[in-house]
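Participant: Dropping the structure in here first, questions after.
A short reminder: the numbers here are calculations on the coordinates, not readings from a lab. The structure displayed is predicted, hence computed values, not measured ones. Methodologically, a virtual Cβ is constructed for each residue, glycine included, from the backbone with ideal geometry; neighbour enumeration extends over all protein chains shown.
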Amino acid sequence: MKTQYYTATSLDGFIATEDDSLDWLFPLGDVNETGYPLFIAEVGAIAMGSATYEWMLRHTDKITDQQAGTPWPYSQPTWVFSTRSLPLVQNTDIRLVRGDVRAIHTDMRHAANSKNIWIVGGGDLAGQFYDAGLLDEVIVQVGSVTLGRGKPLFPRRVTNPPLQLIAVRKIGLGFAELRYDVPKGVQADSA
């Protein structure tokens, strides 16, 4: 069981534009040609921030199988970290939570039933799991575009020790997938 931050980023290190747009991402390739199908099959629980959740609610047509009538793309229980009330998708296991990720991670591990925990986004939420010593792996698909500014991939300083690169893979013409192990017992250099 691992807690993984799996995401896509622009070449200059942004996961979304300043207004949370991912329009830059979709022209770069088909998600089914990436490692995503194998990755999601091993996920037992999901965590995301409120901005990611709200983006997903606004863009269900891009991320769900509308012909099957699926209103939410995940069957796994999902924890949405938010300080405000948000609408819930009916007939799903979505839990609105707030506070320290450590206490919630315990519940997520239990629900994941020996499968992995996916930190969907954003970068600060992944950073909170890192700060708490709970992040095991970072999987980043680097797209062949630059955004100039936006939402940072991982707003933490990680230098000593650095993440450990364990694999690199080319995906189509638009992506390089990088996999990193997070050394244990590490705290962020500075937030």
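Participant: How much of the DSSP bridge set in the chain is antiparallel, in percent, rounded to the nearest 5? Show your work: numbers first, answer last.
Facilitator: Numbers: 17 of 39 bridges.
Among the beta bridges of the chain, antiparallel pairing accounts for roughly 45 percent.
Participant: For residue 110 and residue 22, what is the calculated FRET efficiency with R₀ set at 35 Å and r taken between the beta-carbons, to the nearest 0.05? Intermediate results must be reported in sequence, preceding the final value.
Facilitator: Numbers: r = 31 Å, r/R0 = 0.89.
About 0.65, to the nearest 0.05.
Participant: Stretched out fully, how many nm does the piece from residue 75 to residue 31 gain, at 0.36 nm a residue minus the Cα gap?
Facilitator: Working: separation 44, 0.36 × 44 = 15.84 nm, distance 1.78 nm.
Using 0.36 nm per residue and subtracting the Cα-Cα distance, I get 14.1 nm.
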